[in-house]
């Protein structure tokens, strides 16, 4: 549903709204996400206006931190589940000790302790299938789709700062992961499209394109700077081409993140929470 410049819901018939320019349609879920989160925040703050502001914010942050502590390992193990369900194989999941790596090591032999990231699926095989790869990367966000919108709606309905804090972790997960998982999703889609459309068969070019698939934008840029030949870059024109691919991958990831949020708004409507 579209939001006007005053923050009001657009009453234009739904079928008319979705026939507007493609750019507006693509970015509409991002606008929806911002509005829904701000509306919930305003509702919570208005309901608790007679209490000290610090108290409300502390309760909100408590919900956010508790949910984050449990969400991180759940998110990483959903990557594992997505890979295995799709037919892939997992060899290593790095998890910070803060999020229970020592405990999970006793249960899952592929868990290792790593402190560079809160968690990262660093060893897995997709059998050269991009569908398996996509399912592996996207699967944790099924939690956003199934639970994020419902939690946000309950938080707004009950004006609960604690539930709102919990919902923020899950409902904003796609946006928190813009330069991570959703960059990777975008890069899988864009590089595969380029290989197919350009009918690339040169091994060096294909390897260079596949190396652009990354779950960390900043690590990718660092590797690009340190070893451009690993990305089949040997001229200024190729630098421009690779930079354009990264930008297009990130843009695609942004659109996908927005539409993941949009999907999260469907369960509350269906369940009439």
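Each value in this text was obtained by applying a stated rule to the coordinates, not by laboratory testing. Keep in mind the model is a prediction, meaning the values are calculated, not measured. All Cβ positions, even for glycine, are placed from backbone atoms using ideal geometry, and neighbour counts span all protein chains on display.
Here are the numbers for this structure:
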{"read-out": "Burial ordering of 83, 147, fewest other beta-carbon atoms within 10 Å first", "value": "147, 83"}
{"read-out": "Of all DSSP beta bridges in segment 14-271, antiparallel share, percent nearest 5", "value": "65"}
{"read-out": "Gained length - residue 262 relative to residue 31, 0.36 nm times residue gap less alpha-carbon distance", "value": "82.2 nm"}
{"read-out": "Gain in span if fully extended, residue 91 to residue 131, counting 0.36 nm per residue against the direct Cα distance", "value": "12.5 nm"}
{"read-out": "For the chain, built as a Gaussian network whose Cα springs stay under 10 Å, the top-fluctuating residue of 155, 232, 33", "value": "232"}
{"read-out": "Fewest-first ranking of 106, 51, using other Cβ atoms within 10 Å as the exposure measure", "value": "106, 51"}
{"read-out": "Cα gyration tensor category, rounded, prolate or oblate, for segment 21-63 with a/c compared to 1.5", "value": "prolate"}
{"read-out": "The chain - Rg (one decimal) and Dmax (whole number), Cα, Å", "value": "20.8, 67"}
{"read-out": "Cut-off 17 Å, label 7 Å out along Cα→Cβ of residue 58, residues of segment 164-178 by amide N", "value": "165"}
{"read-out": "Segment 195-270, Rg to Rh (Cα coordinates; Rh as Kirkwood inverse mean 1/r)", "value": "1.13"}
{"read-out": "Residues of segment 227-264 with amide N under 17 Å of the 7 Å Cα→Cβ point at residue 197", "value": "240-256"}
{"read-out": "Residue among 53, 217, 121 with the largest mean-square fluctuation in a Gaussian network model of the chain, springs linking Cα atoms under 10 Å", "value": "53"}
{"read-out": "Stokes-Einstein translational diffusion, segment 27-120 - Kirkwood Rh over all Cα pairs, 0.692 mPa s, 37 °C, in µm²/s", "value": "203"}
{"read-out": "Relative exposure of 47, 115, judged by other C-beta atoms within 10 Å (fewest first)", "value": "115, 47"}
{"read-out": "Using alpha carbons only: equivalent-ellipsoid semi-axes of segment 155-211, gyration tensor based, whole Å", "value": "42, 10, 4"}
{"read-out": "Segment 80-228: translational diffusion in µm²/s, Stokes-Einstein, Kirkwood Rh over Cα pairs, 20 °C, 1.002 mPa s", "value": "123"}
{"read-out": "The chain: calculated mean residue ellipticity at 222 nm from DSSP helix runs of at least 4, using -39500 (n - 2.57)", "value": "-20000 deg cm²/dmol"}
{"read-out": "C-alpha long axis of helix 181-197 to longest principal axis of the chain, angle in °", "value": "40"}
{"read-out": "Euclidean distance between Cα centres, segment 96-160 to segment 176-218, Å", "value": "21"}
